[in-house]
1. Cβ-Cβ under 6 Å, sequence separation 6+ or interchain: first residue in region 339-368 and on the phi < 0 side of the Ramachandran plot, partner among the hydroxyl-bearing types (Ser, Thr, Tyr) and away from the ligand (no atom under 16 Å from the Cβ). Which pairs?
2. For region 590-624, name all the residues that are within 35 Å of the chain's Cα centre (by Cα) and part of a strand (DSSP E or B).
3. Can you confirm whether Tyr255 is of a type in the set (Phe, Trp, Tyr) and either under 14 Å from the mean Cα position of the chain (by Cα) or within 14 Å of the ligand (Cβ to nearest atom) (or both)?
4. Could you list, in sequence order, the residues of region 171-202 that are within 26 Å of the chain's Cα centre (by Cα), open to solvent by 20 Å² or more (accessible area, probe 1.4 Å) and either of a type in the set (Lys, Arg) or closer than 16 Å to Tyr255 by Cα (or both)?
5. Kindly list the number of the only condition in (1) away from the ligand (no atom under 11 Å from the Cβ); (2) at pLDDT below 95 that fails for Gly268.
6. Could you please find all residues in region 67-83 being touching a residue at least 60 places away in the same chain (Cβ under 8 Å), open to solvent by 30 Å² or more (accessible area, probe 1.4 Å) and more than 16 Å from the ligand (Cβ to nearest atom)?
7. Report the residue count in region 313-323 for those that are touching a helix residue (DSSP H, G or I) at 6+ places or on another chain (Cβ under 8 Å) and either within 14 Å of the ligand (Cβ to nearest atom) or basic (Lys, Arg) (or both).
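The values are calculated or read from the model by the stated rules, or taken from the named source; none is laboratory data. None of these values were measured; they are calculated from a predicted model. Positions of Cβ are generated from backbone atoms using ideal geometry, with glycine treated the same way; all protein chains shown enter the neighbour counts. To get the accessible areas, we keep the full protein, side chains included, count just its heavy atoms, and leave off ligands, DNA and RNA. Shrake-Rupley method; radii C 1.70, N 1.55, O 1.52, S 1.80 Å.
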Amino acid sequence: MKRLALFFCALALVAPLSCVVAGNTGPAPGPVALTVSLPDPGQKLLYVHEAMPVTPGPLTLYYPKWIPGDHSPDGPIEQVMGLEFSANGQRLAWQRDELDRFTFHLTVPQDVHQLDVSFQFPSHDRVTGNLIDLTWDHVALYRAGYPTRDQMFRPSLVIPADWNYGSALQTDKRDGQRIDFKTVPFNTLVDSPVIAGKYFRQIDLTPRGSSVHRYLDMVGDSAAAIAITDQQSAGFHHLIEQAQALFHSHHYGSYHLLLTLSDHTAKGGLEHHQSSDDKARGGSKMFADPAHFMLDGSLLPHEYTHSWNGKFMRPEGLWRPDFEQPEKPKLLWVYEGLTVYLGDTLAARSGLWSPETWRDALAYRAAVMAHRTGREWRPLIDTTIAVDYGAPEAWANWRRQNDFYREGELLWLAVDMKIRSLSRDKRSIDDFAHAFFGIDNGSFVTHTYDFGDVVAALNKIQPYDWATFLHTWVDGTGDQVPLLSGIEASGWKLVYTDKPSAYESALEDVGMGELEGHGINAMFSVGMFLSTDGRVEDVLWQGPSFKAGLAPGMKLVSVDGRAWSAQVLHDAIAAAQKSNQPLRIQARNDGAVETYTVQYNGGLKYPHLVREQGKPDYLEQLLAPKPVGSGA
Ligand SMILES: [Zn+2]
């Protein structure tokens, strides 16, 4: 296959408008008329048709491969079926590229100027009988040889006539089942999901006096699922105001928080420039159940923060002219780590989280990272390069996985605390956020940056040897990394007690997707993480359970002679502290049942932050709401 030569942006902070895919100058023939139909929501099948202007000769088309925000080549090409190319009613032969299954080759015959492309896509985790959460990268082929911003698409969506919808796309017209959106470049289309459904509600979050519109769009499987209380919706109003007070800027024309509240779709969020695709982990219970609302409380602040950190300001290795060129995700500790730190802080400042929830979440993550035995052999930077959202939980503590989120948060806490202490409380992460993300207010042309730009921006706020500090942290291993230094400098310290926080209890009950798992966390005591049915998911490397011979995949049968349950395990750990006797754990392994003797008498251990009296309370300052200006 002929490889396309690329010119990348050589200089940091150069708007990617100057980057081009070689081979073609100017826009691709267009626009492509893309129609996606959902005739029977119960069947979850999307029918795709593209009318693509073409010229005769060889043509190469791509299915989107590297999806921004996924940081990996995970476009669901394996789901595409019924692919057909035709012109003037005649089917055309095609070939998939032998080296890249996302690439298709065909020859456009003489005198043909429009190619018809059709296929079907089973959207089993984004469609229910009552709603759709559509991401356009699943349902379009685009042309090789042109940057995606030079390929214009005119998208249409055909859905039941009684469904309403929300999207950052602008509507051209709606006629019954058919919605025609205005023509946009293909990169904007992929960045602009649509939620639609029978139960839909839009809340205007635009601050008083502002002409820049912000919306919370919600879709669910029932009227009850989208029944948000006034107090809950006030939290999202405050989120918009507090983000403005933090960044002093916006980088969108308008913004839509797109929230899907279903028990039958995938969970989690994906950031976009002018919207976010948020699937409540609590599903239909997010608003009704306080534990779910707490765990989901940071989801929208996180994805909203990405509009600044990730979409507008983007590591240069994560900006690409199309979705085929591989990303270089080395700066994910900024892209994700700082977003966890700032997003969770905005959750607290807006009242979606209490300060206590923020501290409980941080304590939990700090404890998990402090038990990441893999820090001995694997630096944080390596977890960014080998980003993997599908990695198994088994041996996660020794192998590490995607630690740039939670350890990244601890890193940025340490940076913030250092700015505060070195500046004698005059400056903080807020000044960095204002300076780094607040440029070009109103523009949404992406700026790219590299490691040196982060260091330079920090030095402008507070002179320090940031390069050494950051290199030591992201490239170092073991005790070289000052993992808990941010907590220790904040006026608080990490301790373990025999009672879980409300946050950890909720996590064990319902979980929190990719950041924190659902199950029974005994990693900090006997060194095991269990699923609720007693399956061993992870074992702490060289910890008490490891030394006893336990391993992931086994299933607990009994503890000290009593049939296994979460309570029995807890009771046995507590009793062993008093009796000083080892725990006798029976577990099933490949059909055999064995007894394992676990030497541990440290008692139950659950992480918390407690105040260190006499030191300034920087967390109180960090989490307090900031004064809200007018307009913006
Ligand atoms: Zn994120």
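1. Thr357/Tyr503; Asp360/Ser501; Asp360/Tyr503; Ala361/Tyr503
2. Listed by number, the residues that qualify are Tyr606, Pro607, His608, Leu609, Val610, Arg611.
3. No, not satisfied.
4. Those that are within 26 Å of the chain's Cα centre (by Cα), open to solvent by 20 Å² or more (accessible area, probe 1.4 Å) and either of a type in the set (Lys, Arg) or closer than 16 Å to Tyr255 by Cα (or both): Thr188, Asp191, Arg201, Gln202.
5. Only one criterion in (1) away from the ligand (no atom under 11 Å from the Cβ); (2) at pLDDT below 95 is unmet by Gly268, namely (1).
6. Pro73
7. Number of matching residues: 4.
Rundown of residues vs (1) crowded, with 24+ Cβ neighbours inside 10 Å; (2) part of a strand (DSSP E or B); (3) in contact (Cβ under 8 Å) with a residue 60 or more places away in the chain, yes/no style:
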position	(1), (2), (3)
His138	no, no, yes
Tyr146	no, no, yes
Pro155	yes, yes, yes
Asp162	no, no, no
